[in-house]
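The structure appears below as structure tokens.
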Amino acid sequence: MRIQHWLPLALAIHVSATSASDKTLTQQLEEKIEQAIIAVEQTPRQQWAYTVSRFENEEGDISQSVERYDPNHESENMWELVSINNNAPTNAQQNAFKAEKLEHSKNGGNSLLIDLRELINLNELEFIASNGEITEIGFPVQIAKLGDDANGKLQGTLRYNEELGFIEKIIVVNNADFSPIFSATISDLKMTFSFTKRQGAILPHQTTLDMKGRFAFFTKIDETSTDTYSGYQYYGEQH
């Protein structure tokens, strides 16, 4: 009888302790990822020069380019088209490229900027695994540009570097078909964002997109694109 009397209380204490432990872990995850996002937001992106190599394969139509950004130059010359489809660009291609980049920057665009606060739902982080060096965390994803139909159909996973305190990689995949626009259906989507840490700054290393589906039931969607960043140079004040 005594054992039966204390058993419910012991179970209640165990459940309470487990719940408190889970809550503490959740709070720790939120705090770590919040600080990691702040580190990205505080990175002085405009003070870094870099090279970006772009590759795109759209239904077998392959295009490649190499671009260089240098904040030391005048605004109209900060961007340079180094090569296009493995050839030196013509003057017309170079001028069109610079004009497009200048217009993009005037509208607040920055190819180094990823809105992690839109991508990562801090209120729904879920611990997956950790080896002491890397912690994997899952979270639901909502991306406004993909339309309302994508809500609830995208899942994210991030890898957090415990030693250096930054997000190394984010992977977003779909768990069901969705329609971003009328007559288009995406069956397979995978987006990957990887980062590097340099002089305390969190900078992109590579972004990839793999997407398959159908448009208007007849046209096949099969697209792969990769942007790889390299040649970083910092031109801001040294701390």
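A short reminder: the numbers here are calculations on the coordinates, not readings from a lab. Bear in mind that the values here come from a model prediction, so they are computed numbers and not experimental data. Every residue, glycine as well, gets a Cβ built from its backbone with ideal geometry; the counts of neighbours run over all protein chains shown.
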17 Å Cα-Cα reach of LYS98 towards aspartates and glutamates, excluding residues that sit fewer than 8 places from it in its own chain: GLU67, ASP70, GLU74, GLU76, GLU80
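State the extension gain, in nm to one decimal, for the chain segment bounded by TYR235 and ALA96, taking 0.36 nm per residue of separation less the distance between their alpha-carbons.
On the way: separation 139, 0.36 × 139 = 50.04 nm, distance 2.66 nm.
Roughly 47.4 nm would be gained on extension.
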Cα gyration tensor category, rounded, prolate or oblate, for the chain with a/c compared to 1.5: oblate
Gaussian network model of the chain, springs between alpha carbon atoms under 10 Å - residue of ASP148, ASP61, ASP70 with greatest fluctuation: ASP61
Two-site label geometry, GLN199 and LYS145: point separation in nm, points 7 Å out along Cα→Cβ: 2.8
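When a/c reaches 1.5 or more, the comparison of a/b and b/c decides; with that in mind, is region 51-129 rounded, prolate or oblate per its Cα gyration tensor? Let's see the in-between values first.
Values: a/c = 2.87, a/b = 1.61, b/c = 1.78.
Here region 51-129 falls in the oblate category.
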Relative contact order (percent, whole number), region 49-106, Cα cutoff 8 Å, 6+ residue spacing: 25
With Cα atoms, 0 to 90° folded angle of helix 2-41 axis to the chain main axis: 20
Stretch in the chain that is longest and holds no GluC sites (Glu not before Pro) that DSSP places in a loop and that have at most 15 other beta carbons within 10 Å: 164-236
Candidate lysines - alpha carbon under 23 Å from LYS169, same-chain residues fewer than 8 apart omitted: LYS32, LYS145, LYS153, LYS190, LYS197, LYS212
Among ARG54, ARG68, ARG117: highest mean-square fluctuation, GNM of the chain, C-alpha pairs under 10 Å: ARG117
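So what is the 222 nm mean residue ellipticity for the chain from helices alone, if each DSSP H run of at least 4 adds -39500 (n - 2.57) and you divide by all residues, rounding to the nearest 500 deg cm²/dmol?
Here the helix-only value at 222 nm equals -8500 deg cm²/dmol.
Could you tell me which chymotrypsin sites (Phe, Trp or Tyr not before Pro) in region 109-203 are loop residues by DSSP with no more than 15 other beta carbons within 10 angstrom of their beta carbon? Intermediate values should be presented prior to the final figure.
Numbers: sites: PHE127, TYR160, PHE166, PHE178, PHE182, PHE193, PHE195; in loops: PHE182.
Listed in order of number, the matching sites are PHE182.
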Relative contact order, percent, region 60-161 [alpha-carbon distance under 8 Å, six or more residues apart]: 16
Region 114-239: relative contact order as a whole-number percent, Cα under 8 Å and 6+ apart: 14
Of GLN47, GLN199, GLN155, the one that fluctuates the most in a GNM where the chain has Cα springs shorter than 10 Å: GLN199
Helix 91-106 vs. the chain, principal-axis angle (Cα, 0 to 90°, nearest 10): 40
